[in-house]
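**Q** Quick one: the structure is below, questions incoming.
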Amino acid sequence: MPYLSGLRLAGRRVVVVGGGRIAMRRLPRLIESGAQITVISPEVSSAIEGMVRLGEVEWIPRGYRAGDLYGAWYVLAVTDVPKVNQKVAGDAEAARIFCVRADQADGGTAHTPAVARHAGASVGVLGGGDPRRAAGLRDSILRWLRGGKLTDVRHRARTGGVALVGGGPGDPDLITVRGRQLLAEADVVITDRLAPRALLEELAPDAEVIDASKLPRGRFLAQEEINRLLIEHGKAGRAVVRLKGGDSYVFGRGMEEMQACAAAGVDCVLVPGVTSAIGVPASAGIPVTHRGVAHDFTVISGHLPPDDPGSLVDWTAVARLRGTVVMLMAVKHLPAIAAELIRHGRDAETPAAAIQEGTTSRQRTVISTLGKLADDMATADIRPPAIIVIGAVAAFGKAS
């Protein structure tokens, strides 16, 4: 029965004999460990060559020779020639250096577990000689940890602070791994209307949920009050997640909240999310760029009409763009926006689309043209939240 142990390899010599696909898989974690790595192989893969060029590993471009293991703390024999691996393992045994032999696990003195990382902790699984079993168990454990179904007691007791988490475009499965992990560990969650609601069901039973929704032309929690709550709970030592739809820095006031926390001396981190400006069009089959069709895309907030003194958008310049224009919060003012773009030169027949509640089971898509989209949306009763796409790429979309 193998004895599992964590090796501290930082600054210590590790020799990898072989430069193919197995070495390529093992090297990244060895590099992360801080080991001084020497690869011995007549040839290496292009990925390993890139590591060599970055100075992450040393490469000796020849076959293995006696004496190559001198000064090593750990050895990996990962060539595709069994006799070479046997020689390396034998030399390591004689020198009392632990060695992993890739082609014959029992021929070495160490096994490589299936490894995953979670919140700074490492999970390693040995499958009793079955690598696929080890990987399957590792993946199951990781899914439960990330979903909060396995309690990470140490992390739940960490020092408080604030995390600004982008929840993605709507589908709860599109939140980042890091975002889901922080939600599972949260003491307090301050959530927005557009944040994926299903994620709230996965919170710890004792987590406090604060609704900071801003309803269109309806009730809302003022930004100053949201900032105050973030600071209050953060200073009280609680793990706070500010959960938003999309990405916190794309029309999400994330920087305002980050600055407020910094001014109050509260630790605050940003966890980016998949912005709806890209994710929602993609869910409708619309790429925001496409070779030979659109080489640029512009994301605009349409919460103010073109004639509003507070608008910061140069609509004349937008009309001259040849690429894709993606608009958020533009349903109400689309008729005025479309008229302004056409007035300044954008063709009324330019393909255009509207996607309501993208990436969710309630998604609906209207495909039209710039001149007709507003009317077609009204006929289809498209309501916020919806993303507007203007440009040739919109023609790739499928109505639903």
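The values are calculated or read from the model by the stated rules, or taken from the named source; none is laboratory data. The model shown is predicted, which means the values in this text are computed figures rather than measured ones. Cβ sites come from the backbone with ideal geometry, for glycine too, and all protein chains shown count toward neighbours. The area values use the complete protein model at the heavy-atom level, side chains included, leaving out ligands, DNA and RNA. Shrake-Rupley method; radii C 1.70, N 1.55, O 1.52, S 1.80 Å.
**Q** Would you mind telling me the share, in percent, of accessible area of the chain contributed by carbon and sulfur at probe 1.4 angstrom?
**A** Summing carbon and sulfur atoms, their accessible area is 53 percent of the total for the chain.
**Q** Based on the Cβ-Cβ distance from Glu225 to Ser45, what FRET efficiency comes out when R0 is 51 Å, to the nearest 0.05?
**A** Details: r = 55 Å, r/R0 = 1.08.
In this case the efficiency is close to 0.40.
**Q** Only bridges whose two residues both fall in the chain count here: according to DSSP, what percent of them are antiparallel, nearest 5?
**A** Percentage antiparallel, nearest 5: 35.
**Q** Mind telling me which of Pro272, Pro172, Pro113 comes out most flexible in a GNM of the chain, alpha-carbon contacts under 10 Å?
**A** In the Gaussian network model the winner is Pro113.
**Q** What order do Leu370, Leu194 take when sorted by accessible area (1.4 Å probe), most exposed first?
**A** On the way: Leu370 5, Leu194 90 Å².
Result, largest first: Leu194, Leu370.
**Q** Can you tell me the orientation of helix 21-33 relative to the chain, as the angle in degrees between its alpha-carbon axis and the longest Cα principal axis, to the nearest 10?
**A** Approximately 80 degrees, to the nearest 10.
**Q** If each residue of separation counts as 0.36 nm, what is the full-extension length gain between Met1 and Ala378 once their alpha-carbon separation is subtracted?
**A** Extra length available between Met1 and Ala378 comes to 128.9 nm.
**Q** Let me ask something else about it. Within the stretch 167-256, what percent of beta bridges assigned by DSSP are antiparallel, to the nearest 5?
**A** Percentage antiparallel, nearest 5: 20.
**Q** Could you pull the accessible area for Ile388 with a 1.4 Å probe, rounded to 10 Å²?
**A** Its accessible surface works out to 0 Å², give or take rounding.
**Q** At 37 °C and 0.692 mPa s, grab the translational diffusion coefficient of the chain from Stokes-Einstein with a Kirkwood Rh over Cα pairs, rounded to a whole number in µm² per second.
**A** Taking Rh from Cα pairs, D becomes 132 µm²/s.
**Q** A further question follows. When all protein chains stay in place, what accessible area (Å², nearest 10, 1.4 Å probe) is found for His111?
**A** So the heavy atoms of His111 present about 80 Å² to solvent.
**Q** Along Cα→Cβ, 7 Å out, is where each label goes; now give me the distance between the ones at Ala264 and Ala121 in nm to one decimal.
**A** Here the modelled spin labels are 3.0 nm apart.
**Q** Pairs of alpha-carbon atoms within less than 8 angstrom and 6+ residues apart define the contacts here; what relative contact order does the chain have, in percent? Provide the component values of the computation, followed by the final result.
**A** On the way: 802 pairs, mean separation 41.3, N = 400.
It rounds to 10 percent for the chain.
**Q** Going by alpha carbons, how many degrees (0 to 90, nearest 10) lie between the helix axis of 131-146 and the longest principal axis of the chain?
**A** 40
**Q** If you average 1/r over all unlike Cα pairs in the stretch 1-160 and invert the result, what Kirkwood radius do you get in angstrom?
**A** Values: mean 1/r = 0.0594 Å⁻¹.
Result for the stretch 1-160, one decimal place: 16.8 Å.
**Q** Further question: All other residues with a Cβ under 9 Å from the Cβ of Leu321 taken together, and with Lys, Arg as +1 and Asp, Glu as -1, what is their net charge?
**A** Once positives and negatives cancel, what remains is +2.
**Q** Which FRET efficiency value, to the nearest 0.05, do you get for Arg362 and Arg143 by plugging their Cβ-Cβ distance into 1/(1 + (r/R0)^6) with R0 = 30 Å? It would help to have the intermediate numbers written out before the result.
**A** Values: r = 26 Å, r/R0 = 0.87.
Efficiency at R0 = 30 Å is approximately 0.70.
**Q** Just the isolated ones, please: cysteines in the chain lacking another cysteine beta carbon under 4.7 angstrom.
**A** By the Cβ distance rule, which asks for a partner under 4.7 Å, the isolated cysteines are Cys99.
**Q** Over the chain, with the other protein chains present, what is the accessible area per residue in square angstrom, probe 1.4 angstrom? Provide the component values of the computation, followed by the final result.
**A** Working: 21200 Å² over 400 residues.
About 53 Å² of surface per residue is accessible.
**Q** Could I ask something else about it? Mean separation of Cα pairs under 8 Å and 6+ residues apart, divided by the residue count of the stretch 346-388: what relative contact order is that in percent?
**A** Relative contact order, the stretch 346-388: 45 percent.
**Q** Out of the DSSP beta bridges found with both residues in the stretch 60-213, what percent are antiparallel (nearest 5)?
**A** Among the beta bridges of the stretch 60-213, antiparallel pairing accounts for roughly 35 percent.
**Q** Calculated from DSSP H runs of 4 or more alone, at -39500 (n - 2.57) each and per residue, what is the 222 nm mean residue ellipticity of the chain, nearest 500?
**A** Per the formula, -8500 deg cm²/dmol.
**Q** Set the Förster radius R0 to 41 Å, insert the Cβ-Cβ distance between Ala339 and Ile210 as r into 1/(1 + (r/R0)^6), and round the FRET efficiency to 0.05. Working shown, then result.
**A** Values: r = 40 Å, r/R0 = 0.98.
Efficiency at R0 = 41 Å is approximately 0.55.
**Q** Over the stretch 1-138, what is the relative contact order in whole percent, taking alpha-carbon pairs under 8 Å and six or more residues apart? Numbers along the way, then the final one.
**A** Values: 235 pairs, mean separation 25.7, N = 138.
The value is 19 percent.
**Q** Choose one answer from Met329, Met51, Met255: the residue with the largest mean-square fluctuation in a GNM of the chain with alpha-carbon springs under 10 Å.
**A** Maximum among the listed residues: Met51.
**Q** Any chance you could run the full-extension gain for Val52 through Gln104? It's 0.36 nm times the residue separation minus the Cα-Cα distance, nm to one decimal.
**A** Computed gain between Val52 and Gln104 is 16.0 nm.
**Q** Rounded to whole Hz and in sequence order, give me ³J(HN,Hα) for the stretch 223-231 from the Karplus expression 6.51 cos²θ - 1.76 cosθ + 1.60, θ = phi - 60°, writing x for Gly and Pro.
**A** 4, 4, 6, 4, 4, 4, 5, 4, 5
**Q** While we're looking at this one, here's another question. Can you give the net charge of the other residues whose Cβ lies under 10 Å from the Cβ of Trp73, counting K and R as +1 and D and E as -1? Spell out each step's value before the answer.
**A** Numbers: positive: Arg8, Arg12, Arg13; negative: none.
Cβ neighbours under 10 Å give a net charge of +3.
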